[in-house]
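The structure appears below as structure tokens.
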Amino acid sequence: DVDVDYYQEMKDNERRIIERKKRLRNQKRSEEENGDGGDGGGLYDPMLEDLQATKMKAGRQGDKASGLDAGLAALEELSFAPEPAGGSNGQGAQQSSASASDNRPVYMQEEDSRQREPSADVRFLRERGYPSSEATAACMTSTSRIGALRKLYTGTDDDAPSEETPEVVPEEVRQARVEEKEVLQAMFGYADENDEASPTFANMEDETIFDATLPITGYEPPGRYGNSPPPLMMEVYVDGNMAPLYPNEPPILAVVGGGLPEVRLRELTKRFRTEANERCAEDPGEPQIFNLLAMAGEAAEAIVQEEAEELAAERKRRLEEERAAAAKLREEQGGGSQQQPHPNAFTSEAQRRAYAKEVAARAGNVPPREEDGGKSKAAPKYNAKTGVSDRNLIDDLFS
């Protein structure tokens, strides 16, 4: 294992947070100077929309008894936008069938798609990379969204821990969690409500409650994800019998944000699970969260690079298909007509000028002059009524 300097890591993390805040401030300042700061540069901000909706609900007037408030709240969950042709049962189909006219990043298009889900729990699971069909099935057989998340993460049919789990967590396990939580709090500091990349702990007062949401600071989103995608966060679920023996067993992990499409979040989660299981098998009882965060940035960058290679291969494939289709169309259209010579195929200047003269004559609907023994038939160059004829103009041009 690597000997970690926690003080240095805390300073490095503070530096990365400060740099991110500076980038956001500079971006906001540039948008205001360009006159487009009022609407966030024309980008859809789902978090801002959610805040506005929350304020609207808080300010709604009603008698709390007639059911009017409940009816309005239910209507807010509905959407009358047309459903996409592919539905919402697979991230890969959504990404490939996205409208060609929608140039927004994929994560924004998927955010719109999630808003059409009738269940908030399904939206919660889709935000963490699970397809709609699997999320719906897990929610139907689970007592909570976190239970459904555990079922999807572990790949088991039961959202509760096994019968081997003790009713009381051993004291050494509880103490190990307390120490690891203290280290994480020292590294990341306390939550900043004005910074969406700030870490969040489920309970700052109770040191025995371990659940947390931590930023993956080593990740930088690519330009194709837009100007300011949400930060990439790792969620850790241990409490509530999700992983009662952690660190003697792997925690339940989830990844959200970063501008990553849902299918990429699913892939990143799988790599987290593999790494956590291997670490727990090799070093049971050792804290894992910091090492998983250190590995997370590299894993996310690798997935982004793989996505870029796949997109480049897809563009190349489409270009080859378009070229083949264009060549086939030219062959079909030119099969019964005389092929035009290439401009570099002429053997002499006279041949080139003769060909140009013939083309110009056809364009002007003027037949080329008929040659008779080297003598051309006379034609008046000027007519008092019509002026100079087209034929004479072409002859003068190439004479």
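The values are calculated or read from the model by the stated rules, or taken from the named source; none is laboratory data. Since the model is a prediction, treat every value here as computed from it, not as a measurement. Cβ: placed from backbone, ideal geometry, glycine included. Neighbour counts: every protein chain shown. What goes into the accessible areas is simple: the full protein's heavy atoms, side chains included, and nothing from ligands, DNA or RNA. Shrake-Rupley method; radii C 1.70, N 1.55, O 1.52, S 1.80 Å.
Every listed requirement among (1) buried (at least 21 other Cβ atoms within 10 Å of the Cβ); (2) closer than 13 Å to residue 262 by Cβ is met by residue 148 save one, (2). Here residue 239 clears all of (1) open to solvent by 40 Å² or more (accessible area, probe 1.4 Å); (2) among the acidic types (Asp, Glu); (3) more than 26 Å from the chain's Cα centre (by Cα) except the condition numbered (1).
Taking residue 242, is it closer than 21 Å to residue 299 by Cα and modelled with pLDDT of 85 or more? No, not satisfied. Go through the residues of the range 259-276 one by one and say whether even a single one is of a type in the set (S, T, N, Q) and free of Cβ contacts under 8 Å to residues at least 24 places away in the same chain. Checked the range 259-276: at least one residue is of a type in the set (S, T, N, Q) and free of Cβ contacts under 8 Å to residues at least 24 places away in the same chain.
Within the range 238-254, the presence of a residue that is over 26 Å from residue 182 (Cβ atoms) and either out of contact with any Gly (no Cβ under 8 Å at 6 or more places or on another chain) or of a type in the set (Ser, Thr, Tyr) (or both) is excluded. Of all residues in the range 363-374, none satisfies being at pLDDT 85 or above and surrounded by 12 or more Cβ atoms within 10 Å (Cβ to Cβ).
Could you go through the range 98-116 and let me know if any residue there is of a type in the set (Lys, Arg), within 24 Å of residue 274 (Cβ to Cβ), modelled with pLDDT of 55 or more and not in a helix (DSSP H, G or I). No, the conditions are met nowhere in the range 98-116. Determine whether residue 263 is modelled with pLDDT of 90 or more, under 12 Å from the mean Cα position of the chain (by Cα), under 16 Å from residue 125 (Cα atoms) and not in a loop (DSSP other than H, G, I, E, B). So residue 263 passes the test. So residue 232 ticks every box in (1) touching a residue at least 60 places away in the same chain (Cβ under 8 Å); (2) surrounded by fewer than 19 Cβ atoms within 10 Å (Cβ to Cβ) but one. Which box is left unticked? Result: residue 232 passes all but (2). Within the range 271-315, being among the acidic types (Asp, Glu) and open to solvent by less than 40 Å² (accessible area, probe 1.4 Å) holds for one residue alone: 307. Across the range 206-229, what is the total count of residues that are outside any strand (DSSP E or B), under 28 Å from residue 309 (Cα atoms) and either of a type in the set (A, V, I, L, M) or in contact with a strand residue (DSSP E or B) (Cβ under 8 Å, 6 or more places away or on another chain) (or both)? Count: 1.
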